[in-house]
Each structure stands twice: as structure tokens, then as C-alpha cells.
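The block underneath contains the structure these notes are about, expressed in C-alpha cells.
The values are calculated or read from the model by the stated rules, or taken from the named source; none is laboratory data. A quick note: this is a predicted structure, and the numbers were derived from the prediction, not measured. Positions of Cβ are generated from backbone atoms using ideal geometry, with glycine treated the same way; all protein chains shown enter the neighbour counts.
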Amino acid sequence: MSKSPDASVIVSKGSQSEGLGTFGGVFTPSILTILGVIMYLRFGWVVGHVGLWQTLLIVTISTSITLLTGLSISAIATDQVVRAGGAYYMISRSLGIETGGAVGIPLYLAQAFSVALYTIGFAESLVQVFPGLPQTLIAFITTILIAILALKSADIAIKAQYFIMAAIVLSLISLMMGHGVEPTTLAPPEPPGSIGFWAVLAVFFPAVTGIMAGVNMSGDLKDPQRSIPTGTLAAIGVGYVIYMAIPFFLHQWADTETLIADPLVMRRMAWWGNAILLGVWGATLSSAIGSILGAPRVLQALARDGILPSWLRWLGRGHGPMDEPRNGTLFTLGIALAAVTLGDLNLIAPVLTMFFLTTYLVLNVSAGLETFLQSPSFRPTFKVHWSLSLLGAVGCLMVMFLINAVATVLAAVIVLGIFLWLQRREMQGAWGDVRNGLWMTLVRTGLFQMQTTPDAKNWRPHLLVFSGAPTKRPHLTDLAVDLTHNRGLITLSSVLPSGARNPSQRDALESTIQDYLDKQGIEAFVRLVTAPDPFSGMEKLVDAYGIGPLVPNTVLLGDTEAASTRDRFCQMIATCHQAKRNVLIFRSQPENYPAFGSRLPTKQRIDVWWGGLQANGGLMLILAYLLRTSGRWRNADIYLNLVVPNEQAKAAAEQNLESLVQGLRIGAIPRVIVARDRAFDDILKTTSKTADLVFLGLANPGDNFTQYYLDLQKRTASLPAIILVLASEELEFAEVLQRDG
């Protein structure tokens, strides 16, 4: 079993005083990633295709989703210490390590591809100014240079962004002081309006995903709980104001063909055109720096939590006082260089949109569930109503489907595939997550909604199995699995002598049994009790085990051959009957019960000795049907045996039994046997000696029940595996079989 290290290993090695502040660590990388390559090189294209008002709607929809996600991030960040890994760290500590990994791996790839997105944008802008330059080569060199800067120091990279911010501010001022432009003589790559609203939104949406740049620096922040909410929400607000203003200038100063044909149309509009070049170069480079800083930190957290395969664990190592992920940066550089070969912003941007929307969706779900469940451990200082987080999640999902339903399903398949892969590895975190709280809420609600009286329509066996150590009586556990189909509940119980073991030893034994069940793939609870003798312990469990209406309705146990314990054994059966628990006594040697997946030389046969639908008859037929539909007894023949005194009674009995079998639809084979003055015991032995399993009803406990049971043991001694059935529930089992209304 893979077990992740404690969360404390992910904390940055630098002291709090060495960490980055709100402005430099969150706001600056976030706003510079927001005001990036899409704004400079594709905003005119957006306005040209959908017009002014639809552009404003695209900006509002995109920013609304980002804002709701930002609120959710703020709630999570002010509840827990957010260490390296950003969004991955938040999700894994809320929804569990499998969900965190399932989202964290695509998030990392999105961040790594973002580096290529921004360096391609930088190269494209250079080629627009200097047409003779090789775009792909420039993107390659630029990607390597910003990786070297990130390797040198995150602090140097952050300081470099202050100069870039100054260039962006200068470019925006120059644009707002600009003027109209003459129509271009270039033919646009596609006619205005030829690309739909949602396709345009898919290209634009990466422009508002910059909040991840700040969140991903969580491990390098001085005070993440304060800096992440403040810096993130401030960046979203400033970005929205700027994005709502620019379309008015673009729409007023250029025609649609020009906006689509000229990616650098802002340069022609601006009061000082070269300021736009400084801005676009600064924005693309700063966004690339933000991504090259963030992606390796997500990768580092994934490696340290054991998400990545063992041969990639070296990516979790850090260097220097700030624990910088140099190995992860080099690895990310390789992925980014591979993505640069695509060379098309419009091709990369929609892929990033899907990855980012998936991350946003899960972040909103995490915050919404934590808030809705109101767990005592969830105490954020930044409070957000769960409905806002839910709205953000729904918004992400809707936009994903509207953009590209096929890509949405593909993204879901990728995330689900990673989740199942991690689940099969039995990942286990050393921290709690919201899943237990969610299940607790669902179970509590379900318990109060359940009826207190048995319901024939939804009845299935919930078994209390007195198995002792399951390795000694595996046939009892196997039978329980076959009867429940992984839908009913199974509890394996064992009685320990009073004072024989201390609590720690008992817990160790319980863990041993649970490990055995896990290895066998059996879903069951384990319950150990101490008592002076085994039967007192069994009666104790029958009387007290369960919660509300959810109690075992059927007790499964093995037979007893010891004369000294037979009387006490029969008393316990009577106790179960009085407690309205059905009793199944399975008499078989472990080696005689067919192993899972075994292929017997002849087709399996189950004999049910019939005495009518009432009392034990209905329960026996239900149990036989459940076995027949299990994997181990798949398609076994069920023979419904009825004994009649003479030939005159046979015809009517056959007709009635055939009609009953057809009405019950359980695939049983009716078999009417004429006694011809033979004793029932002789008929039973002769008929069922070749059966694989025999069901036989048990009389209600009464006077001389011990003697009755002793006689029954002798009469059935020569039979193969046998299940003695005593129906005790206040339930008409005939109604379970006869679903007429």
C-alpha cells in the first residue's frame, strides 16, 4: 500500500520571514498572467467575431466563474495552511488524495502547456514586427531562458515582474490615449462571425485563469491564509475592469476585418505604439514566468505525496533555503518545449481551458461540500455560502459542455482514469478529508428516512456472521458474499474470552481481519466483543449491534457437533428467533464449498425442500435465487422439491407448483416426489445426495428444541452442504417473491 507522507513535509523550508508577500507573491503574478498574451494578441479577434456586447458578455461569464472560484479558494485558504501545490494541495486535503491527484496531474500539464502558450505568443508578436524571424526557434529560446531565470531564483523572477508590470501599465495608458486606425489591406484568416460564441469564449477563457499563478506560489508565501484571498480577489477585480474597458476602444477605433486580420492592431491604435510591444512582450514573458514558477511546485507536491510513480519521486526534491523545485523545473521545461512545436495559440488555448475549468469545478465542489457539511474542523475566516461555490461548479460544467461536449467528456475520462489508477494503488493520505463527513451526512439522512419496519419491496439480507477468524471458516464468509451481492451489509463477528486480550491487542486482531477482507476484495464490517463464553457474546451482539432501523436481519453461523454445547447453541437460536432475526445454519466443511470462479465437473444443483410460501419456504426460495445469481453459483439449477403421499395428489401438485414457479420468475425447476410409504428422511437422503447445496426449513424453537435439533442433525448427517433456515422477521417473504403491485 502506498502511503503519502505527512503534509508537513511539503512546507517550504524557508522561514516565514523569508516568504513572499501579498503583492509580490499573489497579486503580481496573478494580474500579470491575467493581462497576458490573450489580451494583446486575441482580444481584437474576439471583438471582431462576436461584436462589442457579446465580448462584454464573454468577459463577464469568464470572470464570474473565476470570481466564484476565487471565493471558494479564499474560503479553503483561510481554513487550512496552504502549502506547496496550490490548487492540488487544497483539493487533496479536502476531497482526498485520489481526487487531488486526478485533478492535480491535468492541472500540472495545463500549467506546463501554459508556458508554451505564452512563449509562442511572445514569438508571434516578434514575428509581427520582424517578419523574417523564425517563430518556433524564438519560442524555443525564450522558453529555455525563462526556465533559467526560474532556476536561478523565484525571488529574482518575482522582482523581474515588477518591471514587466510597469511596461504593461504604460501600454494600457498609451492604448487609452490612442486613436482610430485605417482599415487593413490584409485579408482576415476567417470571415467575421464565422466562429461561434462558445468557440470564441474557449479561446478567451485562459485570459482569466491567472489566479492559479498566485495560488501555485502558496509554498513560497509568508502568510498564505491572508495573501491568497486578498491577492487573488484583487487581481480578479482589476482584470475585470480592464477587460471591460478595452473592447470599447477596439470596437470604436477599428472595423471587424482589421480586428481579425491584425493580431497587433493595438499597436496601431496606441498613442505610442512601441508601448504596446513592451506590454505584449512583458505580458507574455511574465505569464510564462508565472507558469514556469507554478507548474514545478504542483509537480513537487504530487511527487512528495506519492501520486507520481516511484521512478519520478526525484521530482519532489527541493533545493536551497526556499526549497525550490529545480528538478521539476527542468522536467517542465521538457514538456513546454514539446508543446512549443504545436506553434498555434488557437490550438493550445481551448485545451488549457478544459484543464483549468476542470480544476475550477473541483475547487468549487471542495469548498461547497466543506461549507455545506459544516464540519467542526472547517472554520474559514473568509466565509462563502455553499450555494455560491455550487453555482461556480455548475457554471464551470455548463461552459465546458457548451464549448465542446466531446472535449468535456474526454477531460472527464482522463480525470476518472487517473482517479481509478490512484484508487487501485490504494493511496492513503496522512490527513483527513471531506469524504467521511459527506458519507456521514448521507448516512444520517438515510437512517432517518428509513422505515422502522421491514419493507418487502426492498428487502435483502443484512448478515451478522459468526465466523470467528475468517481464515478458519472461509465458507461462511464466502456464503455471505454470495447472498448479499455486495449490496446487503455483512458484519463478521468474533467473541473473545473476557480479559484474554487488552484493547490494543483486540484492535490489532480487528485490523488483521480487515486486512484479510481487503486482500480478498470483500466489503464487510468487523466486530469483536468480549464475553464469558461464545454464546453469551453472540447473544450480546444480536441484542445490541446496529443503529436505528439499520440492524442485521439475518444471523449466519456454523453448526455445532459438541454435545456439551448443543443445549446452549439451541438457546442462542431461540434468542435470535425472539429478537426477530432470521437464522441460517450452514453445515459444510470449508473445502466442500465451491471456491470463487471454480468450474465443477457437473452443473451445480441447489435443492430446496418445499413446504409452502409461508414461514421458511419463501425465505429459502429468496436465498436460493440470490445464490443462483451470484458469481460463484451462476446459473445453478434450483430444484423445488415437494413430497406428496400418492399418485392422485401428484398431478394437482405439479400443476400448482409449475404455476407458482412461473409466477415467481426465479427459474426454479419444480419436482414433485411421490412418497409411496417411504419416510421423508429416506426421500431426503436419496434425492439430495448428489446435490451441491440443500436448503431445509428449521422448526420454530419451543419445548424440547435441543432434542429436535439433535434428531435433525442425525437425519441430515449424510447430506452434502446444507443450510438450515429459520425465518423470524416480521415480514411476509411471499410478498418479496410475489411482486404484484
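For SER564, the criteria (1) within 22 Å of LEU724 (Cβ to Cβ); (2) touching a residue at least 12 places away in the same chain (Cβ under 8 Å); (3) not acidic (Asp, Glu) hold in every case but one, which is (2).
Residues of segment 564-595 that are surrounded by fewer than 16 Cβ atoms within 10 Å (Cβ to Cβ) and over 21 Å from GLY702 (Cβ atoms): SER564, GLN589, PRO590, GLU591, ASN592, ALA595. One residue stands out in segment 402-423 among those that are modelled with pLDDT of 80 or more and among the β-branched types (Val, Ile, Thr): the one that is surrounded by the fewest Cβ atoms within 10 Å (Cβ to Cβ), namely VAL406.
The single condition from (1) modelled with pLDDT of 75 or more; (2) surrounded by fewer than 15 Cβ atoms within 10 Å (Cβ to Cβ) that ASN458 fails is (1).
Kindly check whether there is at least one residue in segment 521-544 that is at pLDDT 85 or above, crowded, with 20+ Cβ neighbours inside 10 Å, in a strand (DSSP E or B) and of a type in the set (Phe, Trp, Tyr). No: segment 521-544 contains no residue that is at pLDDT 85 or above, crowded, with 20+ Cβ neighbours inside 10 Å, in a strand (DSSP E or B) and of a type in the set (Phe, Trp, Tyr). With respect to THR484, is the statement that it is of a type in the set (S, T, N, Q), under 19 Å from LEU724 (Cα atoms) and surrounded by 16 or more Cβ atoms within 10 Å (Cβ to Cβ) true? Against the criterion (of a type in the set (S, T, N, Q), under 19 Å from LEU724 (Cα atoms) and surrounded by 16 or more Cβ atoms within 10 Å (Cβ to Cβ)), THR484 qualifies.
Residues considered: ILE242, ILE228. Of these, the only one that is within 36 Å of the chain's Cα centre (by Cα) and part of a helix (DSSP H, G or I) is ILE228. Which members of segment 671-723 meet the condition of being of a type in the set (A, V, I, L, M, F, W, C), under 50 Å from the mean Cα position of the chain (by Cα) and assigned to a loop (DSSP other than H, G, I, E, B)? ALA691, LEU698, ALA699, LEU719, ALA721 - these are the residues of segment 671-723 that are of a type in the set (A, V, I, L, M, F, W, C), under 50 Å from the mean Cα position of the chain (by Cα) and assigned to a loop (DSSP other than H, G, I, E, B).
Quick grid of which residues meet (1) outside any helix (DSSP H, G or I); (2) crowded, with 24+ Cβ neighbours inside 10 Å; (3) of a type in the set (A, V, I, L, M, F, W, C); (4) at pLDDT below 80:
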residue: GLN54; (1), (2), (3), (4): no, no, no, no
residue: ILE61; (1), (2), (3), (4): no, no, yes, no
residue: THR66; (1), (2), (3), (4): no, yes, no, no
residue: SER74; (1), (2), (3), (4): no, no, no, no
residue: SER94; (1), (2), (3), (4): no, yes, no, yes
residue: LEU109; (1), (2), (3), (4): no, no, yes, no
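One residue alone among PHE205, PHE140 is surrounded by 13 or more Cβ atoms within 10 Å (Cβ to Cβ), assigned to a helix (DSSP H, G or I) and in contact with a Phe, Trp or Tyr (Cβ under 9 Å, 6 or more places away or on another chain), and that residue is PHE205.
Would you tally the residues in segment 374-387 being part of a helix (DSSP H, G or I) and either outside the structural domain of LEU201 (by TED's automatic domain parsing) or buried (at least 18 other Cβ atoms within 10 Å of the Cβ) (or both)?
1
The residues of segment 38-52 that are at pLDDT 90 or above and of a type in the set (A, V, I, L, M), listed by number, are VAL46, VAL47, VAL50, LEU52. Give me a count of the residues in segment 391-425 that are aliphatic (A, V, I, L, M) and closer than 19 Å to GLY96 by Cα. Counting residues in segment 391-425 that are aliphatic (A, V, I, L, M) and closer than 19 Å to GLY96 by Cα gives 9.
In segment 493-513, the qualifying residues are those that are modelled with pLDDT under 80 and among the hydroxyl-bearing types (Ser, Thr, Tyr), and the one that is surrounded by the most Cβ atoms within 10 Å (Cβ to Cβ) is SER498. Applying the criterion of being in contact (Cβ under 8 Å) with a residue 24 or more places away in the chain and hydroxyl-bearing (Ser, Thr, Tyr) to the residues of segment 177-197, the residue that is nearest to TRP272 (Cα to Cα) is THR184.
Need the failing condition index for LEU264 against (1) buried (at least 24 other Cβ atoms within 10 Å of the Cβ); (2) closer than 27 Å to LEU137 by Cα, just the number. The one condition LEU264 does not meet is (1).
Residues in segment 123-137 that are outside any helix (DSSP H, G or I) and in contact with a Lys or Arg (Cβ under 9 Å, 6 or more places away or on another chain): none. Within segment 252-269, none of the residues are within 30 Å of LYS222 (Cβ to Cβ) and in the same structural domain as TYR88 (by TED's automatic domain parsing). Report every pair of residues separated by at least 6 positions or lying on different chains whose Cβ atoms are under 7 Å apart, first residue within segment 624-646 and aromatic (Phe, Trp, Tyr), second in a loop (DSSP other than H, G, I, E, B). Filtered contacts from segment 624-646: TYR625/ILE666; TRP633/GLN604.
Residue pairs whose Cβ atoms lie under 9 Å apart, sitting 6 or more positions apart in sequence or on different chains, and linking a residue in segment 116-129 that is over 18 Å from ALA336 (Cβ atoms) and without any contact (Cβ under 8 Å) to a residue 12 or more places away in the chain to a partner that is surrounded by fewer than 24 Cβ atoms within 10 Å (Cβ to Cβ) and of a type outside the set (Ser, Thr, Tyr), are VAL127/LEU133; VAL127/PRO134; VAL127/GLN135; VAL127/ILE138.
Comparison of VAL47, VAL103, VAL26 shows that the only residue that is more than 35 Å from the chain's Cα centre (by Cα), crowded, with 24+ Cβ neighbours inside 10 Å and touching a residue at least 40 places away in the same chain (Cβ under 8 Å) is VAL47.
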